[in-house]
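Chemist: This is the structure, below, for whatever I ask next.
The values are calculated or read from the model by the stated rules, or taken from the named source; none is laboratory data. All values reported here derive from a predicted model rather than from experimental measurement. Cβ sites come from the backbone with ideal geometry, for glycine too, and all protein chains shown count toward neighbours. Keep in mind that these areas ignore ligands, DNA and RNA; they rest on the heavy atoms of the full protein, side chains included. Shrake-Rupley method; radii C 1.70, N 1.55, O 1.52, S 1.80 Å.
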Amino acid sequence: MSKALTAGVIGLGSMGMGAAVSLVRAGITTLGLDLRDEARSAFAAAGGMPAPDATTLARLADVVLVYVVNAAQVREVLFGPGGAMPAARRGTVFVICVTMPPGDAIDICEQLTKAGMLAIDAPVSGGAAKAAEGQISMMASGSEAAFQRAAPVLDAISATVFRLGEAPGAGARMKVINQMLAGVHIAAMAEAM
């Protein structure tokens, strides 16, 4: 019998909090990290376990989801002083749920895999309401091994995972296209009004 997965969520903003609470609802032991006291308190009130720092979270988690603002923040929380990656066990899956340029996604995922980790480039769509329901869409690329290991976590937080191959950067490229199409439709609606 395999042991149950433990998940960690770095960044408890509107999307990260929704994912973290959805994991708790699914019965997955979940640690959450955020700079804001109120986010950590809200997560604890929802049944989650606030982590004191990225090192502790990574040491305990089998799957780490990163929900920060941009590529610079991803690099900081993973590779900076006190970052998650050096503390993680080999084979930990890092799911990078951040909208960023494809080149950054490729570089970050390659750094993780070179260190013996599994990486999924997985920006998300659906907004805070869908995140709170565990119904986001993920545009994801990564190895079969990463997807298999993270499957219970991905199932708990998403309605749809669009698997775009194994090469990192494919998820980020699809998210850029998604954002561009959304912008075009908003502009067209504004013109029509």
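Chemist: How about region 47-61: which of its residues are surrounded by 15 or more Cβ atoms within 10 Å (Cβ to Cβ) and either more than 12 Å from Ala84 (Cα to Cα) or among the basic types (Lys, Arg) (or both)?
Modeler: Within region 47-61, Gly48, Met49, Pro50, Arg59 qualify.
Chemist: Quick check on my filter: what residues within region 97-107 are closer than 14 Å to Glu76 by Cβ, in contact (Cβ under 8 Å) with a residue 60 or more places away in the chain and not charged (D, E, K, R)?
Modeler: Met100
Chemist: Considering only region 23-65, state which residues are in contact (Cβ under 8 Å) with a residue 40 or more places away in the chain and under 14 Å from Ile157 (Cα atoms).
Modeler: Residues satisfying the conditions are Leu23, Arg25, Ala26, Ile28, Val63, Val64, Leu65.
Chemist: Now, a different point. Can you report the number of residues in region 1-39 which are open to solvent by less than 60 Å² (accessible area, probe 1.4 Å), farther than 17 Å from Ala151 by Cβ and assigned to a helix (DSSP H, G or I)?
Modeler: 8
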